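Below is one structure, written out as structure tokens; the observations come after it.
Nothing in this text is a laboratory measurement; each read-out follows from the coordinates by a stated rule. Because the structure is predicted, anything quoted here is derived from the model rather than measured. Using ideal geometry, Cβ is built from the backbone for each residue, glycine included, and neighbour counts are taken over all protein chains shown.
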Amino acid sequence: METAEPISIAEAKFTLSPGQLFWQRLKRRKIAVAGGVILIFLYAVALTAGFVAPFYYDHLNTDYSFHPPLWPRLSGFHLIVPRTEAQADGFVYHELPNDTKPLHFFVCGDKYKLFGFIPASIHLFGTGDSNYPVYLLGADQFGRDVFSRILYGSQISLSIGIIGIALSFAFGMIIGGISGYFAGSTDTVIMRLCELIMSIPALYLIISLRAAFPPGMSSSEIYAMIVVILSFIGWASMARVIRGMTLSLREQQFVLAARALGQSHLKIICRHILPNTFSYVIVAATLSVPYYILGEVVLSFLGVGIQEPQASWGNMLSAAEDVQYLQNYPWLLAPSAAIFVTVLAFNFLGDGLRDAADTKSL
Amino acid sequence: MIPLLLGVSLLTFLLMSLAPGNYFTALKQNPQVSPETIARLQAQFHLDKPWYLQYFYWLANVLRGNFGYSMAYKISATSLIFSRLWNTFTLSLLAMVIAWTIAIPLGVSAAVKRDSWIDRGSSLIAFVGLSISEIVLALLAMWFAAVTGWFPIGGAPGPSFGLSAMQQFGDYLHHLILPALVLAASDIAGIMRQMRSNLLDTLRAEYITAARARGLGEGWVIYKHALRNAINPLLTIFGYSLASLLSGAFIVENIMAWPGLGRLTMEAFFAKDSYLVVDCVVMATALLVIGNFIADLLLAWSDPRIRLE
């Protein structure tokens, strides 16, 4: 960094850089570390969802509608999966005696694309026979594996959180920086716009934004639309805070020095002012990711987000909206556990980051 | 306040006009409705004009207190909006009362008995409460209602024929209580944490040490001196909590079928009744703006150092 002060080598041995200090404080907070570890695990699973999931997300098996969770059993040294059959009346299943298949690891199954582009068909576990399905978290109305769909849904939820936050925060920082740096009428106009967006209750604004998009979009278009909608709402609050910080930063001498050197306004904002807000931005971003994840869940739940047969935590939960389903097949609520764990992990991590970034406390 | 509402209505109107098709697009498929009828109806609703003209027609009507006619419901939008607005208002108000009456004592006891089991327990519950979404809570509440049968499984208060005013009120409350509880549950965590940190800050103040040095009892110090000052900043988060409350109400209304503004918005959205969507968004914003205004007034009233310009 150009603005860093030169530190003599002797001095450097005894003082920790702000970054090192930050790490040290963060590592002391067990709950934040736990949140971080859970998130790394969740993102790793989401990245390899096709491999970890025993089925592809739209693998239909109408013989097994609303099949309850079925775990492999230990028999001798093997894990075995029993075969089940529906009883004549309704979706009650019973096991067929002496009809089992061993559970294999790295088994061949549905085709999928690893990381989205490598075609593969190896799955972490399974029986390799769709007549002996492993339903860790049961099956939905169409006999699709809830566990697999949660994994595929996590790809959408987890990535929307990150992309949404990156977009809206980048936008919010630049707009906020411009607003605070130039002040005056530019500032007034931008701040009125922010207030306008922030004064509409979020979900009402989301639905009116949703109305501006045509129906019948492809799944990737819908994904992009959700990101755009959520970012459109998110940037305003960020811009306001950054603007406040910029207002005080622009009076600092290093800004004056940069101007005396003849640097352009945009360069001063991006290279000198905004980096000073990073510690705040990182904390705020971590604590805001849950809102983006929940935003996608709500949109998909209300039926205006990710559409079937694509899996998303929101549209999976809308199957549980029928009280009768909910009463008889409670495993349909499983995506809510995934949402809960993810949001909780982000809150834990964000809380720890906030404490660690607070340089005033020791 | 007024320019803000004008801006909100203009923005929503613009967004709705970007949407392809209108309420009559679906009607055009119906062979029983002649194209002339549709053209006549479109002209009647000014849907054949550009969006800014539509906006001025709409604005002129709204300023006269007329929210127009709902194309989808075939009734006056004014009465529709106000009945739904009232339902959202009662839902939010009851939820707020429940949340604050639970959160304030919890936050106070967590701060007073710092690092005790009650502090740790309530902060754990707060973390859980902040992380659980209203969708899940509402679904669980529906399940609870179905299993116990103590509450109606969602829905609106029934028709009021032959019921006394008291029975009507009871029926209304019976339908209202479960959605309000769900909505309150998601609000408690934030208020509680805020209350706790406010009180802890206040307890560190020098006048508290002075009060203790004078030999005042601990109860007197906390409830007479500290608590009064700690509650003041809470009024500022009132506005923030109102915004999340209205968004929460949107979800709860849609899942638990409470006939409020959020549910009406979704219904109007699906029916492509664009004027009605705009009306709903403007009304929800008005509710929020007025709530914030009241919070400001309360703040000025409770803290003489603050002057309203």
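Distance between the modelled labels on B:PHE293 and B:ILE177, one decimal in nanometres: 3.5 nm (7 Å Cα→Cβ projection).
Here the sum of -39500 (n - 2.57) over DSSP H runs of 4 or more residues, divided by the residues of chain A, equals -18000 deg cm²/dmol at 222 nm, to the nearest 500. Rounded to the nearest 20 debye, the dipole size of chain B about its Cα centre is 420 debye, using +1 on the Cβ of Lys and Arg and -1 on the Cβ of Asp and Glu. Per the Kirkwood formula applied to alpha carbons, region B:1-126 shows a radius of gyration over Rh ratio, Rg over Rh, of 1.26.
Only helices reaching 27 angstrom along their own axis (Cα) with mean Kyte-Doolittle hydropathy no lower than -1.0 count here, and for the DSSP H runs of chain B these are B:77-112, B:165-203, B:234-256, B:274-302. Round to the nearest 0.05 the FRET efficiency obtained for B:GLN167 and B:ARG228 when R0 = 45 Å and r is the Cβ-Cβ distance. For R0 = 45 Å, the calculated efficiency reads 0.60.
Near B:SER302, once Lys and Arg are set to +1 and Asp and Glu to -1 for all other residues with Cβ below 12 Å from its Cβ, the sum equals 0. Candidates A:PRO335, A:VAL289, A:VAL323 compared by Cα position along the dipole of region A:253-362: farthest toward the positive end lies A:VAL289, with charges placed on Cβ. Each 10 Å bin from zero up to the one holding the largest Cα-Cα distance in region A:61-144 carries the following percent of pairs: 18, 44, 30, 8, 0. With an a/c value of 1.5 or above and a/b larger than b/c for the gyration tensor axes a ≥ b ≥ c computed over the alpha-carbon atoms, region A:150-357 is described as prolate. Straight-line cross-link partners of B:LYS224 among the lysines, defined as a Cα under 18 Å from its Cα and at least 8 positions apart when in the same chain: B:LYS113. Basic side chains Lys and Arg get +1 at the Cβ, acidic Asp and Glu get -1 at the Cβ, and with that the dipole of chain A about its Cα centre reaches some 1480 debye. Ellipticity at 222 nm from helices only: DSSP H runs of n ≥ 4 in chain B, each -39500 (n - 2.57), divided by the residue count, give -24500 deg cm²/dmol. Within chain A, the percentage of alpha carbon pairs spaced more than 27 angstrom apart rounds to 59%. Charge dipole (Cα centre; +1 on Lys/Arg Cβ, -1 on Asp/Glu Cβ; no other charges) of the protein assembly as shown amounts to roughly 1840 debye. Just checking the listed ones, A:ILE38, A:ILE163, A:ILE118: in the Gaussian network model of chain A with Cα springs under 10 Å, the one fluctuating most is A:ILE118.
If the chain linking B:PHE144 and B:THR101 were pulled fully straight, counting 0.36 nm for each residue of separation and taking away their Cα-Cα distance, it would gain 13.2 nm. The GNM of chain A, with springs linking C-alpha atoms under 10 angstrom apart, assigns the highest mean-square fluctuation among A:SER218, A:SER157, A:SER312 to A:SER218. For chain A, hydrophobic long helices are taken as DSSP H runs at least 30 Å long by C-alpha position along their axis with mean Kyte-Doolittle hydropathy of 0.5 or more; these are A:146-182, A:219-249, A:278-301, A:334-357. Each of B:ILE98, B:PRO179, B:ALA43 was placed along the dipole of the protein assembly as shown (beta-carbon charges, centred on the mean Cα), and the one lying farthest toward the positive end is B:ILE98. Each Cα pair under 8 Å and six or more residues apart adds its sequence gap; the mean of these over the residue count of region A:150-357 is a relative contact order of 29 percent.
Once you reduce region A:289-306 and region A:121-139 to the center of their Cα atoms, the two points are 28 Å from each other.
Listed by chain and number, the lysines placed with their C-alpha closer than 16 angstrom to that of B:LYS49 amount to none; residues fewer than eight positions away on the same chain are left out. Pick from B:PHE89, B:PHE293, B:PHE169 the residue whose mean-square fluctuation is largest in a GNM of chain B, springs joining Cα atoms under 10 Å. Highest fluctuation of the listed residues: B:PHE169. Site pair A:ILE162 and A:LEU247 shows an inter-label distance of 3.5 nm when each label is modelled 7 Å from Cα along Cα→Cβ.
Selection among A:ILE207, A:ALA311, A:SER159 by position relative to the dipole of chain A gives A:SER159 as farthest towards the positive end (Cβ unit charges, Cα centre).
Cα centroids of region A:161-177 and region B:4-50: 35 Å apart.
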